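Worksheet: the structure to be examined is printed underneath.
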Amino acid sequence: MSPRTLYDKIWDEHLVATRADGTSLIYIDRHLVHEVTSPQAFEGLVLAGRALRRPGNILSVADHNVPTADREKGIRDETCRLQVEALEANVKAHGVPYIPLLDDRQGIVHVVGPEQGFTLPGTTVVCGDSHTSTHGAFGALAFGIGTSEVEHVMATQTLPQRRSKNLRVRFDGALPPGTGAKDMALRLIGQIGTAGGTGCVMEYTGSAVRGLSLEGRMTLCNMSIEGGARAGLVAPDDTTFAYVAGRPLAPKGALWDAAVAHWRTLTSDPEAAFDQEVVVDLRGLAPQVTWGTSPQWVTDITGRVPDPAQARTADERDAILRALEYMGLEPGTPMEAIGIQVAFIGSCTNGRIEDLREAALVARGRKVAQGVRALVVPGSGLVKKQAEAEGLDRIFLEAGFEWRQPGCSMCLGMNEDRLEAGVRCASTSNRNFEGRQGRGSRTHLVSPAMAAAAAVTGHFTDVRRMLEN
Amino acid sequence: MMPFTTLTGIAAPLLRANVDTDLIIPKQFLTTLVRSGLGRHLFDELRHDPEGREVPDFVLNREPYRNATILLSGPNFGCGSSREHAPWALLDFGIRCVVAPSFADIFFNNCFSNGVLPVVLPAETIARLAAEAGPLTVDLSTQTVSGSGCGFRFEIEAARKAALLEGMDEIKRSEANLSEIEAYETRRRVEAPWLAVGGC
Ligand code: SF4
């Protein structure tokens, strides 16, 4: 057989049929479902009189619009409550596995799936959510789909697909101190742009990627969609197997051994051809901060807000001007001189235990700056418990951070955790679009360490200086 | 799904790059349980001020664009969230065709699930179409977009085109492959038995 990429191998293994018109039918192993993008899919099935083909291959949980405080008292916002109730009614009616809101395992789908061992190497994973790319960290082909496709998977356990192009992202060099997976992701997107990966599945390679924990790989793969790619992939290795082993839904005993033996074959063959390749040089990488309303508008913490006059085209200049106006920033301002009012640590990008440890290291023994509101929202109830067992909650609370219940929270502000117009936020989430965290909100994307640094100093700060002491 | 054959109507220019789905339909409208009724919230934060009043100079608040059925835009249209609420909102407003130099993948797929035609044309061509005074006609069978003084051909994958022209039910189509799906599942149970899930 001719040499194949990791993506090719997973694709070939999931090919159910190739139709006369050239489209392929791909089998879907794992389907994650949440409250926002599923009600119309369940409704569609019922209206068409269709049953779910494999309800057991679904894992469902409410995360997007759930409250992150006083949850025990119920959901106050009526439309949010109705949506969560609709999910509960639907999963019950169709026999779909569901993690209830007050269960310790509840959390953001992309944190919960891996945590439960639902996400496995070599599988196909879909969810009505673009950040499904997160699961690519396990060497799973994972991508976001629309609600009609959610319905399609529920009905047939397949999706009609077109083959994507193979894009290899090679990270050269080692990660400098004070930087991490979030900085790698932002640097890459800054380099290729938000449409750079359109039509592609990106495979992340290089020793820096190998050196990342699964949490770090999830952060990196999470943001593949922000680079325009359908999915991101990291070939599974011993780090992956150690993470998956023993998880509640992971295979056990002889099945585990058989699985690992197969998973070890899931790497791109040395001679495999990629359609495109991007090289990202990590030497000299500084902590990254976005300044605009797109993740590609990013710079080093030591950098400055760009001058639109230096744009390459008139369109680019206009776009930068509009972004700077929206963000309330003057060209040439040093990034470190930009003050913040809110710091948000959480989301499926950076709401895992390792992220909280990284932020706590900076918060320890310091105080949130006057006039700053800082929130820590664990990605799941299990992350929260683990953090509490390690005493991270005490560190945050003593420093003046809020310690909240798990969910998507201020990543998109569907619940009460919303930014007011004009408020500037250092956020560990993945999107800084206009209005993303609330109408008129001003989002700067950073790593957990950088968000904590901004919280305690009141402005963006080069966290490397704080880690030295 | 509603078939798409030809469409003649007003084309509204929103000529900016990276129009994301948060912009098309902000999150506060995603708590809906149905597909309909989102048209009045389309581009809400551009179209309405914080008090809910119309922003007079936004394109969809101006004549004749209030009745637009075609949208002209910049590259990477529909990037960001996978929310199908974006094409639902466009459709509910009355827009059945978006013309842009490029589209983000998930949005592109979501359009086809809803009988919305995404047309890819170069930015210069779109600028030319935006300069047309009268309505445009989009003809899927001949793959053309034309105005009174110009006409352009666009490319579209044959399978996508056929599905749109017919208004095909994609699920029904996949159900036709049922025997292959069953054979696949049987084979996989043997080859990859560790994939069986017990629920939670
Ligand atoms: S945390 Fe944010 S990006 Fe992740 S699933 Fe929730 S809303 Fe989407």
Qualifying positions in region A:419-430 - among the small types (Gly, Ala, Ser) and in a loop (DSSP other than H, G, I, E, B) = A:Ala421, A:Gly422, A:Ser429
Subset of region A:419-436 [open to solvent by less than 10 Å² (accessible area, probe 1.4 Å), near the ligand (Cβ under 10 Å from one of its atoms) and at the interface with another protein chain (Cβ under 10 Å from one of its Cβ atoms)] = A:Asn430, A:Arg431
Tally of residues being open to solvent by less than 20 Å² (accessible area, probe 1.4 Å) and assigned to a loop (DSSP other than H, G, I, E, B) across region A:140-177 | 4
Mind checking whether some residue in region A:214-224 is away from the ligand (no atom under 16 Å from the Cβ) and small (Gly, Ala, Ser)?
-> yes
What is the one condition in (1) open to solvent by 10 Å² or more (accessible area, probe 1.4 Å); (2) within 16 Å of the ligand (Cβ to nearest atom); (3) out of contact with any Gly (no Cβ under 6 Å at 6 or more places or on another chain) that A:Ala69 does not satisfy?
-> (2)
Could you tell me whether region A:52-60 includes any residue that is within 16 Å of the ligand (Cβ to nearest atom), assigned to a strand (DSSP E or B) and touching a strand residue (DSSP E or B) at 6+ places or on another chain (Cβ under 7 Å)?
-> yes
Of all residues in region A:373-418, how many are assigned to a loop (DSSP other than H, G, I, E, B), away from the ligand (no atom under 14 Å from the Cβ) and within 14 Å of chain B (Cβ to nearest Cβ)?
-> 1
Does A:Arg50 satisfy being farther than 22 Å from A:Ser130 by Cα, among the charged types (D, E, K, R), facing chain B (nearest Cβ under 10 Å) and under 27 Å from the mean Cα position of the chain (by Cα)?
-> no
Could you list all residues from region B:118-152 that are open to solvent by 50 Å² or more (accessible area, probe 1.4 Å), closer than 17 Å to B:Ala12 by Cα and touching a residue at least 60 places away in the same chain (Cβ under 8 Å)?
-> B:Ala127, B:Pro135
Residue hits (region A:73-88; open to solvent by less than 60 Å² (accessible area, probe 1.4 Å) and more than 9 Å from chain B (Cβ to nearest Cβ)) are A:Gly74, A:Ile75, A:Val84, A:Leu87
Can you find even one residue in region B:9-27 that is open to solvent by 40 Å² or more (accessible area, probe 1.4 Å) and not in a loop (DSSP other than H, G, I, E, B)?
-> no
Report the residue count in region A:244-275 for those that are part of a helix (DSSP H, G or I) and closer than 19 Å to A:Thr205 by Cα.
-> 1
Restricted to region A:4-48, and to residues that are farther than 21 Å from A:Thr119 by Cα and of a type in the set (S, T, N, Q), which residue is nearest to the ligand (Cβ to nearest atom)?
-> A:Gln40
Would a scan of region A:102-115 turn up a residue that is surrounded by fewer than 24 Cβ atoms within 10 Å (Cβ to Cβ) and more than 12 Å from chain B (Cβ to nearest Cβ)?
-> yes
Within region A:25-47, residues being in contact with a Lys or Arg (Cβ under 9 Å, 6 or more places away or on another chain) and at the interface with chain B (Cβ under 10 Å from one of its Cβ atoms) number 8
Assess whether B:Asn114 counts as being in contact (Cβ under 8 Å) with a residue 24 or more places away in the chain, within 13 Å of chain A (Cβ to nearest Cβ) and open to solvent by 10 Å² or more (accessible area, probe 1.4 Å).
-> yes
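The values are calculated or read from the model by the stated rules, or taken from the named source; none is laboratory data. From a predicted model like this one, the values you see are computed outputs, not experimental measurements. Using ideal geometry, Cβ is built from the backbone for each residue, glycine included, and neighbour counts are taken over all protein chains shown. For the accessible areas, the whole protein counts, side chains as well, though only heavy atoms, and no ligand, DNA or RNA atoms are used. Shrake-Rupley method; radii C 1.70, N 1.55, O 1.52, S 1.80 Å.
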